[in-house]
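J.: Pasting a structure here, questions to come.
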Amino acid sequence: MEKETSLCKMFERYFMVGNILSPEDLNNPQTMAHYQHHYNAVTAENAMKPINVTSAPEVYNFTDVDMLVDYAEKNNMTMIGHTLIWHGQSAQWLNRNADDSPIHRMAAKANMEKFIKTYVSRYSGRIYAWDVINEVLRDEEGDFSGNWREYLRRESDNPKAVGHWYLAYANGADTANGESGADFVFDAFYFARRYDPHAILYYNDYNEEFLPKCDAIVQMVEDINEQWRNHKDYDGRFLIEGIGMQSHHNHIHTKLENIRYALERFVKTGLKISITEFDFTFGSPDKPANPLTQEQSKAQAEMFTGLFNLYMEFSKHIERVTIWGKNDMQSWRKWGSPTLFDGTYTPKEAFKALSNLK
């Protein structure tokens, strides 16, 4: 049986096409044959997240990361680092005491530098781009307030959404002289640049096409880059060099006009753009849509086509489109049939529609 057209070949004139990979995937011949055929960029699904790299001070485990970086190099694929600073899946020692209270600002800064130095310098020159900070801004409704710092994660009723880095940096901040919990954002990018000057540095977030988060992202990256231009170590580059649009879409809320608005806003910053975690669901965890009905398959194909047409239109600014899931049954949102392939790696209607794009 003839193999379907490769996704990375399909869009080679426009941008890289990537997917997620885990160390255990390397032992699955079917998965790896599919992966090597379709993708030219690698993002670790979980292996590179902070908790899987360090669990305690001076305790680091790079075995899984080494495997993925080695694989990318041997197969001439672009390796993406995901992620350094995140409110989820991060070790307590970085910014919290044993009782979960925030450590002092200076201790948090020292821990951040030690962690980023240890991590990124190990792979300096081997990681194309780092998602330095992931999902630091809250979802809010209404108009943008005009101050991105007001949208940073802080306390939360959801323990998985607490902004521990903000709280630690706020603990001991000299507010009279302009210090605040928001200062960790600059430091994270500064340390990443200092210890891996080769990598492109990205800010990554979800619901990026909705106001006011879109405007908050724009103001944040522009403020940080302005701060960097006035820094003694300024090197002529942006400090935040790219915006990662996670693009976890669904059939209810996703509107092409919102995506276009966000792309236009992000392009005006002068930064690179990547689509970093693309998927598109139907249904919900309570009402699964797996497999899709014929009508849903057609609608999904139309939406994939509309989105990729937009990506091609803005391709001068888009480095990469990474799909978050190799097939529907391997996706974190498998209840919604979110990828281009079913559980047997058979191409779905959405894939066939993309193959007809010009």
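J.: Mind checking which aspartates and glutamates have their Cα closer than 18 Å to the Cα of Lys74? Skip sequence neighbours fewer than 8 apart in that chain.
T.: Straight-distance partners of Lys74: Glu24, Asp25, Asp64, Asp66.
J.: Between Lys74 and His104, what is 0.36 nm times their sequence separation minus the Cα-Cα distance? Round to one decimal in nm.
T.: Details: separation 30, 0.36 × 30 = 10.80 nm, distance 4.29 nm.
Once the chain is fully extended between Lys74 and His104, it gains 6.5 nm.
J.: Just to be sure I understand: of the beta bridges DSSP finds with both ends in the chain, what percent are antiparallel, rounded to 5?
T.: On the way: 5 of 41 bridges.
Antiparallel bridges: around 10 percent, rounded to the nearest 5.
J.: What is the magnitude of the charge dipole of the chain about its Cα centre, with +1 placed on the Cβ of each Lys and Arg, -1 on the Cβ of each Asp and Glu, and no other charges, expressed in debye to the nearest 20? Don't skip to the end; give the middle numbers.
T.: Details: 38 positive and 50 negative charges, 151 e Å.
So the dipole magnitude of the chain works out to roughly 720 debye.
J.: For region 213-358, just the Cα atoms, rotate onto the principal axes and tell me the three extents in Å, largest first.
T.: 57, 35, 26
J.: Of all the C-alpha pairs in the chain, what % are more than 28 Å from each other? Provide the component values of the computation, followed by the final result.
T.: On the way: 27764 of 63903 pairs.
Looking at the chain, the distances longer than 28 Å represent 43 percent of pairs.
J.: What angle do you read, to the nearest 10 degrees and between 0 and 90, between the alpha-carbon axis of helix 29-38 and the longest principal axis of the chain?
T.: For helix 29-38, the angle is close to 90 degrees.
J.: With only Lys, Arg, Asp and Glu charged, each at its Cβ (+1 for the first two, -1 for the last two), find how big the charge dipole of region 203-358 is about the Cα centre; round to the nearest 20 debye.
T.: Details: 19 positive and 22 negative charges, 74 e Å.
The calculation lands at about 360 debye.
J.: Would you mind checking region 279-323 for residues with the amide N under 12 Å from a putative spin-label position 7 Å along Cα→C-beta of Met329?
T.: In region 279-323, the label zone of Met329 (backbone N under 12 Å from the point 7 Å along Cα→Cβ) covers 291.
J.: Going by alpha carbons, how many degrees (0 to 90, nearest 10) lie between the helix axis of 63-74 and the longest principal axis of the chain?
T.: Approximately 50 degrees, to the nearest 10.
J.: Have a look at Ser331, Ala161, Ala98 and report the one farthest towards the positive end of the charge dipole of the chain, computed about the Cα centre with Cβ charges (Lys/Arg +1, Asp/Glu -1).
T.: So the residue furthest toward the plus end is Ser331.
J.: Under a cut-off of 25 Å between alpha-carbon atoms, report the lysines in cross-link reach of Lys268, not counting same-chain residues fewer than 8 places apart.
T.: Qualifying lysines at Cα under 25 Å: Lys213, Lys255, Lys316.
J.: Sticking with this structure for a sec: Any chance you could check the Cα centroid distance between region 18-96 and region 236-258 for me, in angstrom?
T.: Taking the Cα centre of region 236-258 as reference, the centre of region 18-96 is 22 Å away.
J.: Same structure again: To the nearest 10 degrees, how steep is helix 184-195 against the longest Cα principal axis of the chain, on a 0 to 90 scale?
T.: The angle comes out at about 80 degrees.
J.: Continuing with the same structure: Putting +1 on Lys and Arg Cβ atoms and -1 on Asp and Glu Cβ atoms, find which of Phe278, Ser247, Ala262 reaches farthest to the positive end of the dipole of region 245-318.
T.: Among Phe278, Ser247, Ala262, the one farthest towards the positive end of the dipole of region 245-318 is Ala262.
J.: Ser355 to Ile51: extension gain in nm, 0.36 nm per residue of separation minus the Cα-Cα distance?
T.: Details: separation 304, 0.36 × 304 = 109.44 nm, distance 3.84 nm.
The Ser355-Ile51 span can extend by a further 105.6 nm.
Each reported figure results from applying straightforward, stated rules to the coordinates on display, with no laboratory input. Every value quoted in this text rests on a predicted model; they were computed, and no experiment measured them. Every residue, glycine as well, gets a Cβ built from its backbone with ideal geometry; the counts of neighbours run over all protein chains shown.
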